[in-house]
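Let me begin by presenting the structure, written as structure tokens, before commenting on it.
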Amino acid sequence: MAAVAQVPSLSPSPVTASGLAAPSPAAALPVAATPAGGVAPPLPPPTAAPGPPVPAALPGPFPGGRVVRLHPVILASIVDSFERRNEGAARVIGTLLGTVDKLSVEVTNCFSVPHNESEDEVAVDMEFAKNMYELHKKVSPSEIILGWYATGHDITEHSVLIHEYYSREAHNPIHLTVDTSLQNGRMSIKAYVSAPMGVPGKTMGVMFTPLTVKYVYYDTERIGVDLIMKTCLSPSRVIGLSSDLQQVGAASARIQDTLSTVLQYAEDVLSGKVAADNTVGRFLMDLINQVPKISPEDFETMLNSNINDLLMVTYLANLTQSQIALNEKLLSL
């Protein structure tokens, strides 16, 4: 493994990494951490690392009320890296990328980082992490390092050492844990942020405080999530992709069911079976006002025109594809 940083748990020697700022001497000392407000044994105050300043990902201290917004692609990537882990590896770690606003931290991407762990030491391929982040910046310049993730249900003593490295890449980084062992019958996902505690100028400890995790998704991600959820209803856990026409039919059926529910609610309110709710009434009024007023004849004409345009574009695309394939066959003769 190229450019690794080894941390002997009982040796006071400093930790170095090729191409990155050298860690503080505290990384070589045995420390332990407990989540959810637990306190780690005393940790010496870290020294300033040389090198250019790194832009802060999170303002510290972490303001109360802020949440970690997690996209489904993050969980899929973490589970995939865990399934592809090296033989004998107990867990996998990686870097979290995303954006920060005033109210939340949104994790939109991640990548795994090779590492080795034993009872006495932990080795992390820091050069690999640096190169991967440089490549990600070329594709998504707005994404910054937010912290790191690890599989498992608990925070270990090695997590404190790895967290110290990410503290130099992002101020007040997030630590995300994903329980891939399903100890409680479900995948527990938790996020933490560390805070130093102790007497200033004396020995210092580290405390991991849990954060609120919320799941968000883009419209394109929702399609994949819905498809994955359908596999729960299949005995073979395998399901194929539906055609565009089937998706339109399913969406129309959902809209029809929703309209039936709204109509039933309105009839119950008018008959006195259900008490009227002003909030629901205002919402329905806004929804109705957003529907354009158009006659059925004009709507049918517009729909047929759009369908004809779509069919023409599809025909031209297929014709172009056939011409390109025929040209390739002629050139190969």
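Annotations
- The residue that is nearest to Ala90 (Cα to Cα), counting only those in segment 128-143 that are out of contact with any Lys or Arg (no Cβ under 9 Å at 6 or more places or on another chain) and open to solvent by less than 60 Å² (accessible area, probe 1.4 Å), is Ala129.
- Some residue of segment 135-155 being within 25 Å of Met207 (Cα to Cα) and without any contact (Cβ under 8 Å) to a residue 40 or more places away in the chain: yes
- Ala195 vs. criteria in the same structural domain as Val73 (by the TED database), surrounded by fewer than 16 Cβ atoms within 10 Å (Cβ to Cβ), among the aliphatic types (A, V, I, L, M) and in contact with a strand residue (DSSP E or B) (Cβ under 9 Å, 6 or more places away or on another chain): yes
- Test: residue in segment 113-124 that is surrounded by 18 or more Cβ atoms within 10 Å (Cβ to Cβ), hydroxyl-bearing (Ser, Thr, Tyr) and within 20 Å of Arg91 (Cα to Cα): no
- Neighbours by Cβ (under 9 Å, 6+ apart or cross-chain): first from segment 192-218, closer than 21 Å to Glu157 by Cβ and hydrophobic (A, V, I, L, M, F, W, C); second outside any strand (DSSP E or B) and open to solvent by 90 Å² or more (accessible area, probe 1.4 Å): Val193/Pro61; Ala195/Pro61; Met204/Pro46
- Some residue of segment 299-317 being open to solvent by 90 Å² or more (accessible area, probe 1.4 Å) and outside any helix (DSSP H, G or I): no
- The residues in segment 119-134 that are without any contact (Cβ under 8 Å) to a residue 12 or more places away in the chain and touching a helix residue (DSSP H, G or I) at 6+ places or on another chain (Cβ under 9 Å) can be counted, and the count is 0.
- Against the criterion of being aliphatic (A, V, I, L, M), under 30 Å from Ala76 (Cβ atoms), assigned to a helix (DSSP H, G or I) and at pLDDT 85 or above, Ile324 does not qualify.
- Residue, surrounded by the fewest Cβ atoms within 10 Å (Cβ to Cβ), within segment 198-210, restricted to residues that are modelled with pLDDT under 80 and aliphatic (A, V, I, L, M): Val199
- The set of residues in segment 76-105 being surrounded by 19 or more Cβ atoms within 10 Å (Cβ to Cβ) and within 20 Å of Thr220 (Cα to Cα) consists of Ile78, Leu97, Gly98.
- Qualifying residue in segment 278-296 (condition: more than 30 Å from Leu245 (Cα to Cα), among the basic types (Lys, Arg) and free of Cβ contacts under 8 Å to residues at least 60 places away in the same chain): yes
- Per-region count, segment 90-124, residues closer than 19 Å to Asp80 by Cα and out of contact with any Phe, Trp or Tyr (no Cβ under 7 Å at 6 or more places or on another chain): 10
- Residue in segment 237-251 that is open to solvent by less than 80 Å² (accessible area, probe 1.4 Å), assigned to a helix (DSSP H, G or I), over 30 Å from Glu106 (Cβ atoms) and not charged (D, E, K, R) present: yes
- Looking across segment 144-157, the residues that are open to solvent by less than 50 Å² (accessible area, probe 1.4 Å) and farther than 21 Å from Asn172 by Cβ come down to Thr151, Gly152.
- For segment 288-313, residues that are under 39 Å from the mean Cα position of the chain (by Cα) and among the β-branched types (Val, Ile, Thr) total 4.
- Asn289 at pLDDT below 90, over 25 Å from Ile223 (Cβ atoms) and part of a helix (DSSP H, G or I): yes
- Residues located in segment 211-226, provided they are open to solvent by less than 50 Å² (accessible area, probe 1.4 Å) and under 16 Å from Leu241 (Cβ atoms): Glu221, Gly224, Val225
The values are calculated or read from the model by the stated rules, or taken from the named source; none is laboratory data. The structure presented is a predicted model; accordingly, all values stated were derived computationally and were not measured. As a convention, Cβ positions derive from the backbone with ideal geometry for all residues, glycine included, and neighbour counts pool all protein chains shown. Note: accessible area is taken over every heavy atom of the protein model, side chains too, but ligands, DNA and RNA are not part of it. Shrake-Rupley method; radii C 1.70, N 1.55, O 1.52, S 1.80 Å.
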